[in-house]
Amino acid sequence: MSTANASGASAAAAPLLNVADISLRFGGLKALSEVGFSVGKGELFSIIGPNGAGKTSLLNCISGRYSPQEGAVMFEGRDITRLKPNKRAAIGIGRTFQNLALFSHMSVLDNIMVGRHHLLKNNLLTGALYWIGGAQKEELEHRRKVEDVIDFLDIQHVRKSTAGTLSYGLRKRVELARAVALEPKLILLDEPMAGMNLEEKEDMARYIVDLNEEWGMTIIMIEHDMGVVMDISHRVMVLDFGRKIAEGLPETILANPHVKKAYLGEEDEALEDPDAVSPQAVSA
Ligand SMILES: Nc1ncnc2c1ncn2[C@@H]1O[C@H](COP(=O)(O)OP(=O)(O)OP(=O)(O)O)[C@@H](O)[C@H]1O
Ligand SMILES: [Mg+2]
C-alpha cells in the first residue's frame with residue numbers, strides 16, 4: 001500500500017495564520033485559555049461568543065496590541081508573537097476596531113490617505129507632512145489605490161466630508177476603507193455591523209464578501225449578528241469564558257448544543273436536564 005496520499009495531503013498549503021494555544025491573563029483574570037485555531041488563505045472565518053468571551057482580546061493578540069503569556073501566533077509560517085503592531089501591519093495584517101477609531105476632524109479622504117502613509121512611513125507625522133507637501137511621485141500611485149477603495153465602498157459622495165459629521169454606518173464603512181487601503185493579506189474586523197440598521201448591515205455584509213471573493217482578502221470577523229455570520233462565513237469558531245468551545249462549518253455550529261446553550265441562550269430542556277421526563281414518557 002502506498003503512503004503517497006497521506007504525505008501529499010500533509011504537505012498541502014500551510015495556513016496563513018496559525019494561533020497555537022495562546023493564553024492571555026490580565027492580573028488574576030484569564031481572558032484567553034489555550035485558544036488554538038488556523039485560518040487558511042482566502043477564508044472568511046468568524047469568531048462568535050457572548051460578551052466578555054475574549055473575542056476582542058484574541059484579535060488584539062493577532063494584531064499585536066496584546067501579548068499572550070503562553071502560546072504563539074504564526075503568520076505565513078513566521079512566528080510573530082513578539083512583533084510590534086506596526087510591524088504586523090507592514091507584513092499584511094490589517095484591522096478595524098470595535099469602537100470607531102477615525103480622526104473625526106479630518107476628511108474621509110485624509111483618513112484613508114493617512115492610513116496608507118502610516119503603513120509606509122510608520123510615522124503619522126511624516127505621513128501628514130508628506131501629504132501636505134504633495135507632489136511626490138508615489139502620490140499618484142497612492143491616489144489610485146485609495147480611489148479604488150473609495151469606489152469599491154461607495155463613499156465617493158462623502159470623500160470631502162469631515163469624518164465626524166457622518167452617520168455611524170458611514171463612519172464604519174470609512175473605517176473599513178482605511179483598513180482596506182493598507183492592502184492587508186489578512187483583515188481583522190471587530191463587529192463591523194454593530195449598531196447598524198438592517199440596510200446598512202446588508203451593505204456591509206456584501207462589501208465583506210466582495211473583499212473576500214473579489215479582492216482575495218482573508219478575513220477574520222467578530223460579529224454578534226448570527227444571521228450574517230451564518231450566511232457569509234466559511235467557518236465559525238465559538239469562544240466562551242476565554243475558551244474555544246466549538247469550531248466548524250456554520251451549519252454544524254448552529255446545531256451544536258453547547259453553542260446553543262452558551263451563546264444563543266436557547267432554552268433546550270433536554271440539554272438543561274438530561275433526566276427530564278419527556279411528555280411521551282409521562283403519558284405512557
Ligand atoms: N486591557 C484589559 N485589561 C484588563 N482586562 C481586560 C482588558 N481587555 C479585556 N479585558 C477583559 O478580558 C475579558 C475579555 O474581554 P474582550 O473584550 O476580549 O471580550 P469580547 O468577547 O470582545 O466581548 P464583547 O462582545 O463585549 O466585545 C473581559 O473580562 C475583559 O474585561
Ligand atoms: Mg469585543
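Need the full-extension length gain, R159 to S104, defined as separation in residues times 0.36 nm minus the C-alpha distance. One decimal, nm.
18.5 nm
Give me the extension gain from R65 to K30: residue separation times 0.36 nm, minus the current Cα-Cα distance, reported in nm with one decimal.
Gain on extension, R65 to K30, equals 10.9 nm.
Given H placed on each backbone N at 1.01 Å, which residues far from R25 in sequence or on other chains put an amide H within less than 5 Å of it?
Long-range HN contacts for R25: A31, Q69.
Using label points projected 7 Å from each Cα along Cα→Cβ, tell me how many nm separate A14 and K261, to one decimal.
Reported label-point gap for A14 and K261 is 3.9 nm.
Rounded to whole Hz and in sequence order, give me ³J(HN,Hα) for segment 80-96 from the Karplus expression 6.51 cos²θ - 1.76 cosθ + 1.60, θ = phi - 60°, writing x for Gly and Pro.
Ordered by residue, 3J(HN,Hα) equals 10, 3, 9, 6, 5, x, 5, 5, 5, 4, 5, 9, x, 10, x, 7, 10 Hz.
For segment 42-59, take each phi angle, set θ = phi - 60°, evaluate the Karplus expression 6.51 cos²θ - 1.76 cosθ + 1.60, and give the result in whole Hz per residue in order, putting x for glycine and proline.
Calculated HN-Hα couplings, in order: x, 7, 10, 10, 10, 10, 10, x, x, 4, x, 5, x, 4, 5, 4, 5, 4 Hz.
Pop the C-beta distance of K41 and L198 into the FRET formula with R0 = 45 Å and round what comes out to the nearest 0.05.
According to the calculation, E is roughly 0.90.
Read-outs throughout are calculated quantities, based only on the coordinates presented, and are distinct from any laboratory measurement. Quantities reported herein were computed from a predicted structural model and do not represent experimental measurements. So basically every Cβ, Gly included, is an ideal-geometry build from the backbone, and we count neighbours across all protein chains shown.
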